[in-house]
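A short worksheet on the structure shown next.
The values are calculated or read from the model by the stated rules, or taken from the named source; none is laboratory data. Note that this is a predicted model, so its numbers are computed, not measured. Please note: Cβ atoms are built from the backbone with ideal geometry, for glycine as well, and neighbour counts cover all protein chains shown. Surface accessibility is based on the protein's heavy atoms, side chains included, excluding ligands, DNA and RNA. Shrake-Rupley method; radii C 1.70, N 1.55, O 1.52, S 1.80 Å.
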Amino acid sequence: TEKELQEILDQYPSKVQKNRKKHILIKDGEQPDQIIEANTRTIPGIITNRGCAYAGCKGVVLGPLKDMVHITHGPIGCAYYTWGTRRNKAKSDDPTQNFINYSFSTDMQESDIVFGGEKKLARVIDEVVEIFHPKAITVSATCPVGLIGDDLGAVSRAAEARHGIPVLSFSCEGYKGVSQSAGHHIANNILMDRVIGASELEEAPGKYPINILGEYNIGGDSWEIERTLKEIGYTIVSVMTGDGSYAELKNAHTAELNLVQCHRSINYIAEMLETKYGTPWLKVNFIGMNGMCESLRNMAAYFGDEALIQKTEEVISRELARIEPLMDQYKKICEGKTAFCFVGGSRGHHYQGLFGELGIETVLAGYEFAHRDDYEGRQVIPTIKPDADSKNIPELHVTADERRFRLKVSPEKMEELKKKIPLSYYAGMNPEMKDGSIIVDDLNHFETEEFIKILKPDIFASGIKDKYVIQKMGIPAKQLHSYDYSGPYAGFNGAVNFARDVSMGFASPTWNFIVPPWQDEPLLSGTVNEEGV
Ligand code: CFM
Ligand code: HCA
């Protein structure tokens, strides 16, 4: 209730309280335009789950591109902690061009910080070319590199001239934005500018050519989605960027439709592709049986081909007949339970449908670093005021490609389709949440504990940073970033894997042996006042 929420907020010093209040909502359908503040700085001292711009650029968007070597210019920690932890999988027909299991870093030392790291970076690029012969290289900046002023652009351009392959530099110093989100945007811009459309291919090599944007093949998600899409008859030109490649990305301009799974990380490229090549984008959600079926039907409706529509229905009926009995088994264990679902920028929303299919109600959800449109819908974008932090990220202004721009669908047909399917649109998370449920932006450690005490969820879906604290409270925690080393969770088979893993969480007797701290004697008690004493 509002009263309980106020009691939580009352424990904060007044400035912090004023700030955090704007990031928390109790869903109320009577107020259709509930505003939530998002994509603003975390207050220093608060224990947040957020990451940095480098994580969003190198870790999220670039990292999965398997035939490029991704060099981290910085001290070793940045490269080390983004080495394999995200579980973006990749395989390649040419094993010499799959660098996914490596981690490349300039390993800057104190002397490089003092005297500059440009020479060392140039040497690392030369060494990489000599040993690995990649098709292209990326260089990502970390915080200290920006602070000492190494010119990544100049080093990269000189290396391009020496080696004759693209060497792309990314000014994604961790502090470039308030979270990973800044890094997504920086990566999107340069991939659009330098990679997408860089091939001479004029036509895609098959029927119904599509790109899949915002799908990173975590735990093999993309492979499971592609299994179904290929069976229906789609030609997948490129995936951005799960199990993706420089070689594929160059041809992305030849698709007839762009699918957008994670809008947060890649809506920039989706929009730019529409402007530059005339290719519309469709919001999809391949998580859960309903999400999967609806997305497949919307895709078929876009192409409007009878044979495709029929094949789509055939595959859907067969897959549902196969997995529904399995899901029903697990539903017996899950029915009636409640969940918290707090993930980065789109999964906090996408997984609610799958929880619902198992009879689990999401009572609290939120995103680490999403923007207001991810909560409230794309229509609010014009009302979002840019602040100093968002102005820090360069906007790339693309225009129609004179030679290659081709409207894939007539404006009249587009209008007609937009009434039926989410073309160039997403409605965000809030409209789908039940009245009375809690929506929290950039949830922190303190609020996590407080909300758990009040709502006592049966499962908490989040990430590695809060997982163990939650488990120590006697509550099963499910990582929806790395999937706790399981997966895939997307697509039809993914739904079954998820149902199995969540059911195992509930069925485990472990939780009965843990006493939550608040049922025990308090170790410490007191309050924090304005002066912090
Ligand atoms: Fe998109 Fe992602 Fe997510 Fe994301 Fe991430 Fe991720 Fe995520 Mo971790 S791109 S916003 S920056 S769906 S790495 S695969 S799980 S926070 S909810
Ligand atoms: C990142 C990557 C991350 C972290 C996951 C987590 C991922 O934000 O840099 O905190 O559990 O999915 O690997 O989001």
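Residues that are open to solvent by 10 Å² or more (accessible area, probe 1.4 Å) and more than 27 Å from R403 (Cα to Cα) within the stretch 262-282 comprise just one, C262.
Being over 15 Å from V69 (Cβ atoms) and either touching a residue at least 12 places away in the same chain (Cβ under 8 Å) or open to solvent by less than 50 Å² (accessible area, probe 1.4 Å) (or both) is the filter here, so list the residues in the stretch 115-130 that pass it. Show your work before the answer.
Going residue by residue through the stretch 115-130, those that are over 15 Å from V69 (Cβ atoms) are 115-120.
G116, G117, E118, K120 - these are the residues of the stretch 115-130 that are over 15 Å from V69 (Cβ atoms) and either touching a residue at least 12 places away in the same chain (Cβ under 8 Å) or open to solvent by less than 50 Å² (accessible area, probe 1.4 Å) (or both).
The condition of being touching a residue at least 40 places away in the same chain (Cβ under 8 Å) and open to solvent by 10 Å² or more (accessible area, probe 1.4 Å) holds for only one of E256, E226, that being E256.
Candidates T85, T142: the one that is within 16 Å of ligand 1 (Cβ to nearest atom), within 30 Å of E37 (Cβ to Cβ) and out of contact with any strand residue (DSSP E or B) (no Cβ under 6 Å at 6 or more places or on another chain) is T85. When the stretch 131-147 is filtered for residues that are assigned to a loop (DSSP other than H, G, I, E, B) and surrounded by 13 or more Cβ atoms within 10 Å (Cβ to Cβ), the ones remaining, listed by number, are P134, K135, T142.
A quick yes/no check of all residues on (1) of a type in the set (D, E); (2) open to solvent by less than 80 Å² (accessible area, probe 1.4 Å); (3) under 30 Å from E37 (Cα atoms):
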| position | (1), (2), (3) |
| --- | --- |
| K419 | no, no, yes |
| D435 | yes, no, yes |
| K453 | no, yes, yes |
| P457 | no, yes, yes |
| D466 | yes, yes, yes |
| R500 | no, no, no |
| Q519 | no, no, no |
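For the stretch 148-182, enumerate the residues that are more than 16 Å from ligand 1 (Cβ to nearest atom), under 17 Å from C52 (Cβ atoms), open to solvent by 20 Å² or more (accessible area, probe 1.4 Å) and not small (G, A, S). Give the steps one after another, and end with the answer.
Of the residues in the stretch 148-182, the ones more than 16 Å from ligand 1 (Cβ to nearest atom) are 148-169, 171, 173, 175.
This time we only want the ones that are under 17 Å from C52 (Cβ atoms), so: 152, 171, 173, 175.
Remaining after also requiring open to solvent by 20 Å² or more (accessible area, probe 1.4 Å): 171, 175.
If the condition is that a residue be more than 16 Å from ligand 1 (Cβ to nearest atom), under 17 Å from C52 (Cβ atoms), open to solvent by 20 Å² or more (accessible area, probe 1.4 Å) and not small (G, A, S), then Y175 is the only one that fits.
Per the listing V363, V343, V380, the residue uniquely away from ligand 1 (no atom under 16 Å from the Cβ), under 22 Å from the mean Cα position of the chain (by Cα) and closer than 30 Å to Q471 by Cβ is V363. Looking at the structure I just gave you, is Y425 within 30 Å of A255 (Cα to Cα), open to solvent by 60 Å² or more (accessible area, probe 1.4 Å) and hydroxyl-bearing (S, T, Y)? Spelling it out, Y425 is indeed within 30 Å of A255 (Cα to Cα), open to solvent by 60 Å² or more (accessible area, probe 1.4 Å) and hydroxyl-bearing (S, T, Y). Residues in the stretch 159-210 that are farther than 28 Å from E118 by Cβ and part of a helix (DSSP H, G or I): S181 alone.
Among residues of the stretch 206-221 being of a type in the set (D, E, K, R) and more than 13 Å from ligand 2 (Cβ to nearest atom), the one that is surrounded by the most Cβ atoms within 10 Å (Cβ to Cβ) is E215. Considering the stretch 329-420, the qualifying helices (runs of 4 or more DSSP H), each wholly inside and each with 2 or more residues that are at pLDDT 95 or above and within 16 Å of ligand 2 (Cβ to nearest atom), run over 347-357. Of the residues making up the stretch 462-479, those that are within 24 Å of G51 (Cα to Cα), out of contact with any Phe, Trp or Tyr (no Cβ under 6 Å at 6 or more places or on another chain) and of a type outside the set (D, E) number 11.
Scoring I438 on the criteria (1) closer than 30 Å to V260 by Cα; (2) more than 16 Å from ligand 1 (Cβ to nearest atom); (3) without any contact (Cβ under 8 Å) to a residue 60 or more places away in the chain; (4) in contact with a helix residue (DSSP H, G or I) (Cβ under 7 Å, 6 or more places away or on another chain) leaves a single failure, condition (3).
Suppose we filter the stretch 205-229 for residues that are more than 11 Å from ligand 1 (Cβ to nearest atom) and modelled with pLDDT of 95 or more; how many remain?
Our first condition is that a residue be more than 11 Å from ligand 1 (Cβ to nearest atom); within the stretch 205-229, this holds for 205-212, 220, 223-229.
Now restrict to residues that are modelled with pLDDT of 95 or more: 206-212, 220, 223-229.
Result for the stretch 205-229: 15.
Residues that are within 16 Å of ligand 2 (Cβ to nearest atom), under 25 Å from the mean Cα position of the chain (by Cα) and within 30 Å of K230 (Cβ to Cβ) do occur in the stretch 450-462, at least one of them.
Criterion first (open to solvent by 20 Å² or more (accessible area, probe 1.4 Å), within 16 Å of ligand 1 (Cβ to nearest atom) and on the phi < 0 side of the Ramachandran plot) does V239 satisfy it? No; evaluated as a whole, the condition is false for this residue.
Would you point out the residue of the stretch 380-407, among those that are touching a residue at least 12 places away in the same chain (Cβ under 8 Å) and more than 27 Å from C172 (Cβ to Cβ), that is most open to solvent (accessible area, probe 1.4 Å)? Filtering the stretch 380-407 for residues that are touching a residue at least 12 places away in the same chain (Cβ under 8 Å) and more than 27 Å from C172 (Cβ to Cβ), the one most open to solvent (accessible area, probe 1.4 Å) comes out as R406. Each residue in the stretch 84-110 was checked for being free of Cβ contacts under 8 Å to residues at least 60 places away in the same chain and either open to solvent by 60 Å² or more (accessible area, probe 1.4 Å) or assigned to a loop (DSSP other than H, G, I, E, B) (or both), and 16 pass. Within the bounds of the stretch 503-511, is there any residue that is closer than 19 Å to F286 by Cα and of a type in the set (F, W, Y)? Among the residues of the stretch 503-511, not one is closer than 19 Å to F286 by Cα and of a type in the set (F, W, Y), which makes the answer no. Residues that are more than 15 Å from ligand 1 (Cβ to nearest atom), open to solvent by 30 Å² or more (accessible area, probe 1.4 Å) and in contact (Cβ under 8 Å) with a residue 24 or more places away in the chain within the stretch 43-73 comprise I43, I46, I47, listed in sequence order. Tallying residues that are assigned to a loop (DSSP other than H, G, I, E, B), of a type in the set (D, E, K, R) and within 11 Å of ligand 2 (Cβ to nearest atom) within the stretch 22-60 yields 1.
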